[in-house]
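> If you scroll down you'll find the structure; I have some questions about it.
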Amino acid sequence: LIHADLKKQVHHFSPNSAAVSPHSSLRLLCVCLCLCPAVQSQNLVTDNVAVVEGEVAVISCRVKNNDDSVIQLLNPNRQTIYFRDVRPLKDARFQLVNFSDNELRVSLSNVTLSDEGRYVCQLYTDPPQEAYADITVLIPPGNPIIESREGQVIEGNETEMTCTAMGSKPAATIRWMKGDKELQGKSKVEEMYDTMFTVTSQLTFTVTKEDDGVPVVCIVDHPAVKDVQAQTYLVVHYKPEVKIVVEFPDGLPREGQNMELSCQAKGKPHPQQINWVKVDDDLPSHALITGPDLYIENLNKTYNGTYRCFAANSVGESYDDYILYVYDAPTTTPIPTTATTTTPTTTTISLPEATADSRAGEGAPRAVDHAVIGGVVAVVVFAMLCLLIILGRYFARHKGTYFTHEAKGADDAADADTAIINAEGGHNNSDEKKEYYI
């Protein structure tokens, strides 16, 4: 019935027909859609590939909803590498990995820079479909090279280092590390043949003596390699650091003792020259210098002063000072006991046995300093004065008073009876006699 109706519609659309009605055209279109089978779209996809020179690249052409259409792979020169599962190109480096209705996968071994380019996946449909896979060949840089402007650097000066990474594709990047601290360098990129690059980074910084022996590392970053680096160690020269150490005696230096001073110097290069002098004076005549040590026998107060140690190397000279003050020799004679007695109270003060001077070192003889003796005498005098004042106040508060009852005129009487008779008023008229005790 459909075919009959279609023939009828076609008959109406004859050269002799003047026109075709809109209704008839719509019916003809509906009939055509019913007769034509439904066709699903076919999607052809592929991926770009980045491969290190000398390694293997894999190209995959994938089809979705394939209707048995032919898949083929072409090189950048539009030469067929694989037609379905057949390889027309005579290059044995291309090998078939997988072939099916939905995929054509091919490997390329031992990739070289000449293999770089755009490869074409082609699907024979009407019209043909194409997808493109770009192969990028990565060439790692050679081992980085560090160069320093000078082998040894003097403390406080600037040093300059360069790191070079040659023959890479794409251009590498360079980072710097000094110890565990990252430093910023200045890079320069130069293009060579076949899009190859050489990168040079320059680093400048000021060194200190703490940088001596610290590693400086040049790190090269590139997509083809990891952890490519080169390092060198800083050699920093600095003038000596000087310190004077007293070897003996352990405590305060005293007359009659021996003394040894040691001059400790550290520098790079190691100090080769160490000298001892006495500031503004000559060293004692019997002072002995042995290497970095100064030995003085039988100290006395004439040796007081500033002793200086000089140390020098190729970078410079440094010194340290020691100020010597010789104390009196220790004494061991005990101080005699002192007693003070007063009436009616007796006070006795005894001085303890001489004690050791705390300023002296361990094992020093026990001795009494002159200042201690003077202090004890002052305390004794003060105590006596206080005692006299207390006794004076005591007797002043307890003075005595008494009366005599002698008759007036008793001195002129011949006898006792006459004295009584001559008395006037008895005791009531008698004169008082007072005596005072002080």
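> Find the relative contact order for region 147-217 and round it to a whole percent, using C-alpha pairs within less than 8 Å whose residues are 6+ positions apart.
After rounding, I find 38 percent.
> Here's something else I'd like to know. Stretched out fully, how many nm does the piece from H270 to T208 gain, at 0.36 nm a residue minus the Cα gap?
Stretched out fully, the H270 to T208 stretch lengthens by 20.6 nm.
> Go ahead and run the numbers for FRET between R78 and E241, Cβ-Cβ distance against an R0 of 60 Å, rounding to 0.05. Display every interim value, and only then the final one.
On the way: r = 76 Å, r/R0 = 1.27.
So the FRET efficiency works out to roughly 0.20.
> Here is a further query. Note down the relative contact order for region 153-286 as a percent, whole number, built from C-alpha pairs under 8 angstrom at least six residues apart.
21 percent
> If packing is taken as the average number of other Cβ atoms within 10 Å across a peptide's residues, how do 165-173, 110-118, 230-238, 284-292 rank, most packed first?
The peptides rank, most packed first, as 165-173, 230-238, 110-118, 284-292.
> Students often get this wrong, so check it: of K178/K268; K169/K268; K226/K266; K186/K209, which have C-alpha atoms separated by over 32 Å?
Going by Cα-Cα distance, K169/K268; K226/K266 fall outside the 32 Å limit.
> Let me ask another. Roughly how many nanometres apart are two label points built 7 Å out from the Cα toward the Cβ at L283 and D321?
Between L283 and D321, the simple spin-label model gives 1.9 nm.
> For region 117-238, list log₁₀ I(q)/I(0) at each q in 0.21 Å⁻¹, using the Debye formula over Cα point scatterers of equal strength and ignoring solvent, two decimals each.
-1.09
Every read-out reported here was derived from the displayed coordinates using simple, explicitly stated rules and does not represent laboratory data. For clarity, every value in this text was computed on a predicted model and none was experimentally measured. Every residue, glycine as well, gets a Cβ built from its backbone with ideal geometry; the counts of neighbours run over all protein chains shown.
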